[in-house]
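Just below is one structure, and these are the notes that go with it.
FYI, it's all coordinate maths here, none of it is from the lab. Just so it is clear, the model here is predicted, and its values are computed rather than measured. All Cβ positions, glycine included, derive from the backbone under ideal geometry; neighbour counts span all protein chains shown.
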Amino acid sequence: MASGFEKLVVDSIVPTNAQPLFNGHSMVGALKRVLVCSPRTACWHQPERAARWRELGFIHPPDFELAQAQHDALCRELEACGAEVEDIPPAMELSLDAVYAHDASLPTDFGLILMRPGKANRVPEGRHHGSFCQIMGVPMLAVADGPTEVHLVQVANALLKNAKPAPGLFPSEHIPTKRAAARARFGDP
């Protein structure tokens, strides 16, 4: 059911002839810039913060050393692929859940939509993402007023309403399709 939120995003924020600036609509295109929150930033290394793992719904205590090593490896892989990795700065209002940076904001081609995650301890994350992204020059388009899970679909439908699909079965950045086209054009290596 429409909430009216999608009309706000499409009609008053995104001009119909605007050129994409941030590559936020694609989940398969090349990553250019990635916002992450490390376990260190989310205070997994602080015993008094890590002790809250049960109340936050974790199934076991966080392993800071392992999680930080995995995070560092992920960031190296992203950078090796050419992405600029931005680690959100620490803040007292962030909880252990802040490492799941994908939930608190929705990047679009035209700026950032701040989400309101369903867990109360995560509500400050959206504001924190917004403040940091504004410093980086990424505009805030809107603030979702309900739980993220509800708005992700509505916002995606609204923003992609006028989008034209890529020809064929797969997205335009689908690697096997691009590889087949290159082989057809240039031959096998």
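Skipping prolines and chain starts, which residues have an amide H placed within reach, meaning under 5 Å, of the one on ARG116, given they are 5 or more residues away or on another chain?
ALA144, GLY146, THR148
Taking H as built 1.01 Å from N, whose amide H comes closer than 5 Å to the amide H of MET140, not counting residues under 5 places away?
The answer is LEU112.
Would you kindly calculate the translational diffusion coefficient of the stretch 61-144, applying Stokes-Einstein with the Kirkwood radius from alpha carbon pairs, for 4 °C and a viscosity of 1.567 mPa s, and quote it in µm² s⁻¹ without decimals? Working shown, then result.
Numbers: Rh = 13.9 Å.
For the chosen part, D equals 93 µm²/s.
Given a Förster distance of 41 angstrom, what is the FRET efficiency for CYS81 paired with ARG52, based on the Cβ-Cβ distance and rounded to 0.05? Kindly include the intermediate steps, with their values, before the conclusion.
Numbers: r = 34 Å, r/R0 = 0.83.
Calculated value: 0.75.
Taking R0 as 30 Å, what's the FRET efficiency between HIS60 and SER131 from their Cβ-Cβ distance, rounded to 0.05? Provide the component values of the computation, followed by the final result.
On the way: r = 32 Å, r/R0 = 1.06.
The calculated FRET efficiency here is 0.40.
Calculate one ³J(HN,Hα) per residue across the stretch 166-182 by plugging θ = phi - 60° into the Karplus curve 6.51 cos²θ - 1.76 cosθ + 1.60, and present them in order as whole Hz with x for glycine and proline.
Coupling constants for the stretch 166-182: 5, x, x, 7, 10, x, 4, 9, 5, 4, x, 5, 5, 4, 4, 5, 5 Hz.
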